[in-house]
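Take a look at the structure set out below.
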Amino acid sequence: MQADFESATDWRAFAFAARSRPAEGGYFYAMRAADLCGRDMAALQEIGRDNLSREISSTSTAEGKRLQLLDKFEARCASFSPGEASALYKEVREQARDGRDPLLGARQHVLAATKGIDVAAVKAAASEVLGLRDGAVLSQDQLLVRLMSYGSKKGAEASYWFAGQEYAQSNPTRSAELMMAVELAACQVSSACGLNEQIVATCITNTGCQVEPAKYLKSAYLVGGGTEESFNRALTLAGQMHAAIAGRSVESFVRAN
């Protein structure tokens, strides 16, 4: 289903077909397509086209990758009538209450378990969601962050846990490195990840935007005052996280309690 979502040229047709295949994650991806196409599409496209026009007027050229992103995004959502995508999202969300979608089920299990005190339930939920190997699911609702936060002390001693190490939440640099690593690792698992969606929206409406996840994050981090050394640590962490996800390493994301 993930591959079908990424290769689809018409997300309306994809969403209607996907919702009939819940056991393959169809509800999740139908809702994802409808959500993306329901986000004030007209305004986003108008801004994107206006920026491209200004760029061409001033430089006589336009960034090829940005133009491709805009064309692809517009084409994928073009067949939805006004308001239809939002309505479809709500319909599928209600339909998904039947519990037949394993992707939505794994997501819900992590959300529920991390609110409780049953460590075994948290580890079981972690194993389930890691076993999906789906970057879109992993980057939704900060599921990995919730797992890494589980069992943390409160207040000034609060921390994240990854691969046997504590990362103090009070340390903004280390926290930022970990959060970037989470985003990059999800995109290394699959290109249908939250960061890539953010990149599409940003690059359509802004000039000079990086379209590769690592370059995009690095550019934003350095502009915000981060250092290259710090970003390189985030890259290393991302590789470790990707390996932990591939190996379904629950102990890497859930601290021993």
Ratio for region 165-229, C-alpha Rg to 2.2 N^0.38 Å, reads 1.18
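In region 107-157, which trypsin sites (Lys or Arg not before Pro) are in a loop and have at most 13 other Cβ atoms within 10 Å, using DSSP for the loop call?
Numbers: sites: R107, K115, K123, R133, R146, K153, K154; in loops: K115, R133, K153, K154.
Hits after loop and neighbour filter: K115, K153, K154.
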Projecting the Cα atoms of Y167, A192, L138 onto the charge dipole of region 98-207, where Lys and Arg contribute +1 and Asp and Glu -1 at Cβ, the residue farthest towards the positive end is Y167
To the nearest 20 debye, the chain has a Cα-centred charge dipole, built from +1 on Lys and Arg Cβ and -1 on Asp and Glu Cβ, of 440
Answer check: region 125-175, Cα atoms, Kirkwood Rh, Rg/Rh ratio of 1.02
Taking N as the number of residues in region 79-199, the ratio of its alpha carbon radius of gyration to 2.2 N^0.38 Å works out to 1.21
Candidates A136, A156, A168; GNM for the chain (alpha-carbon contacts under 10 Å) flags as most fluctuating A156
Kirkwood radius from Cα pairs of the chain plugged into Stokes-Einstein at 25 °C, 0.890 mPa s, gives D in µm²/s equal to 125
Here the Cα Rg-to-2.2 N^0.38 Å ratio for region 142-257 is 1.09
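Only the coordinates and a few stated rules stand behind these numbers; no lab work does. Because the structure is a prediction, the values reported are computed rather than measured. Note that we place each Cβ from the backbone using ideal geometry, even for glycine, and neighbour counts take in every protein chain shown.
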